[in-house]
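First up is the structure itself, then whatever we jot down about it.
A short reminder: the numbers here are calculations on the coordinates, not readings from a lab. Just so you know, these numbers come straight off a predicted model, no measurement behind them. So basically every Cβ, Gly included, is an ideal-geometry build from the backbone, and we count neighbours across all protein chains shown.
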Amino acid sequence: MKPSQHNIHIDPNKLPTEVCQCGSYFWKRVYIIKEVSGMLIGSTKNEFLFFDILVCEKCETPHVSVKIKLPSKEELPQSKTLLP
Ligand SMILES: [Zn+2]
């Protein structure tokens, strides 16, 4: 990755604010964890990779800049929602 060339003075007050579809403009950093099969990295054990992403502080929708594929609702285990 090249060092940023954008060291010019930018007035944030003149920039548009990223607003979520729910109307909130606060974002928070959260982590997702991907499991890497040990076979892919020549190890006998699986490893975990951590990625921090930005999500809406209110509805937790990932920001559009998030490039990592997240599981859809259909892909998530359903068992937890069935518990009383
Ligand atoms: Zn939102």
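Points to keep in mind about this one:
- GluC sites (Glu not before Pro) restricted to DSSP loop in region 30-80 with at most 12 other C-beta within 10 Å: Glu60
- From least to most packed, judged by other beta carbons within 10 angstrom and beginning with the fewest, Tyr25, Tyr31 follow the order Tyr31, Tyr25.
- Note on Lys73: aspartates and glutamates with a C-alpha under 17 Å away, same-chain residues under 8 apart excluded, are Glu60.
- About the Cα centre, charge dipole magnitude for region 16-67 (Lys/Arg +1, Asp/Glu -1 at Cβ), debye: 40
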